[in-house]
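Undergrad: One structure follows; several queries about it will come next.
Readers should treat all values here as calculations from the given coordinates under stated rules, not as data from a laboratory. A quick note: this is a predicted structure, and the numbers were derived from the prediction, not measured. Positions of Cβ are generated from backbone atoms using ideal geometry, with glycine treated the same way; all protein chains shown enter the neighbour counts.
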Amino acid sequence: MNWYYQLDGAAQGPVSEETFRSLIARGVIRPDTLVWHEGMAEWEPLSVADPTWASGGAGAPPPAPDAFAPAGEFATFAELKTRARTGPSGNYWTYLGAMALWGLLSFAGCIPFVGFVAAVVVGFLTKYGQANLALRGADHRKLAVGDAFVGFNQFGRAFGCMFLTGLFTFLWGLLLIVPGIVKAFSYMLTPYLVLEHPEWSVTEAITESRRLMDGNKWRAFCLGLSFLGWMILGILTFGILFFWLAPYMAITSGAFYRAVLREKGPRPAPAA
């Protein structure tokens, strides 16, 4: 059975029941999300259409995160950073545990012959996992170390996402450094979109990231620049401060993605 659901006022789908359950588990579809499948008379909230999925049973979605800016308005940098600092207790230590495990995996690069390839692949999957942690943290969901390794479960999509965005950025960088940097900002939301839209191809997610970042690249640059003082302090503390700063910056990036979505609205429906 195929399902349809509404995201930011626009109908999405059809998606298979397996994908539908995955979207619920990730919190994309929540109890108040309008859903529909063939045989239903009208769109209904998930909690009405299938109460067992929205009332605490197996596969029940987490609580919807509170909105930090009205639709069509962009949150301030202070709001984004506050959101990154005020998630569930324990997220900081979970993120540090994931960082330690990522560091251990990086030693794959020491293996002769296959080391470089292994290090590149693990690096791609690690960056995808970082995006997942950042997004869940921005949504104030409890993090688990396993969330950092979602790329190993979604290997094809994770590798394709990070390989294509890296390749396109590299090719643009061959022209001049500045175009490469601009394109890096254009593609920066792609991992979040791939994570939240399993029904999209990686190229669709890249195209949507470009749309969302149109007019927001300078904003993203300034948000990163706002951490410059902390970065300098991190260097002065011989890197110790980065154990706190890395999760803070990553989850702020996830909050930035949420803010861009609210400002820009859903992806336009394809032309008939």
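Undergrad: How much length, in nm to one decimal, is gained on full extension between D214 and V117, taken as 0.36 nm per residue of separation minus their Cα-Cα distance?
TA: Numbers: separation 97, 0.36 × 97 = 34.92 nm, distance 3.36 nm.
Gain in length upon complete extension: 31.6 nm.
Undergrad: Now for a separate question. Under 26 Å Cα-Cα from K264, which lysines qualify once same-chain neighbours fewer than 8 residues away are excluded?
TA: K81, K127, K183, K217
Undergrad: Please give the peptides 189-196, 15-22 ranked by average Cβ packing (other Cβ atoms within 10 Å per residue), highest first, as a rough proxy for protection.
TA: Working: 189-196: 24.1, 15-22: 16.1.
By packing density, highest mean first, the sequence is 189-196, 15-22.
Undergrad: Could you list log10 I(q)/I(0) for region 70-264 at q = 0.11, 0.15, 0.17 Å⁻¹, which the Debye formula gives when each Cα is one point scatterer?
TA: The Debye formula, applied to the Cα set alone, gives -0.51, -1.00, -1.30.
Undergrad: If I stretch the segment between L96 and W230 completely, what's the gain in nm (0.36 nm per residue apart, minus their alpha carbon distance), one decimal? If you can, show how the numbers build up before the last one.
TA: Working: separation 134, 0.36 × 134 = 48.24 nm, distance 1.78 nm.
Here the segment from L96 to W230 would lengthen by 46.5 nm.
Undergrad: L241 to A10: FRET efficiency via 1/(1 + (r/R0)^6), r the Cβ-Cβ distance, R0 41 Å, to the nearest 0.05? Don't jump to the answer; show the numbers that get you there.
TA: Values: r = 42 Å, r/R0 = 1.02.
The computed FRET efficiency comes out at 0.45.
Undergrad: Here's something else I'd like to know. Between S89 and N153, what FRET efficiency follows from the Cβ-Cβ distance if R0 is 30 Å, with the result rounded to 0.05? It would help to have the intermediate numbers written out before the result.
TA: Working: r = 26 Å, r/R0 = 0.88.
So, using R0 = 30 Å, E works out to roughly 0.70.
Undergrad: Could you work out how far helix 155-175 tilts from the main Cα principal axis of the chain, as a 0 to 90 degree angle to the nearest 10?
TA: Value to nearest ten degrees: 50.
Undergrad: For the chain, what does the helix formula give at 222 nm: sum of -39500 (n - 2.57) over DSSP H segments with n ≥ 4, over the residue count, nearest 500 deg cm²/dmol? Could you put the intermediate results ahead of the total?
TA: Numbers: 14 runs with 160 residues, N = 272.
The helix-only estimate for the chain comes to -18000 deg cm²/dmol at 222 nm.
Undergrad: In what sequence, highest mean first, do 216-228, 129-141 appear when ranked by Cβ atoms within 10 angstrom? Walk me through the intermediate numbers first.
TA: Details: 216-228: 14.8, 129-141: 23.8.
So the peptides 216-228, 129-141, ranked by packing, come out 129-141, 216-228.
Undergrad: Moving on to the next point. Can you give the relative contact order of the chain as a percent, counting alpha carbon pairs under 8 Å and 6+ residues apart? Working shown, then result.
TA: On the way: 351 pairs, mean separation 55.7, N = 272.
Computed value for the chain: 20 percent relative contact order.
Undergrad: Using only the alpha-carbon atoms, how far is helix 115-138 inclined from the longest principal axis of the chain? Give it as 0 to 90 degrees, nearest 10.
TA: Result, in degrees: 50.
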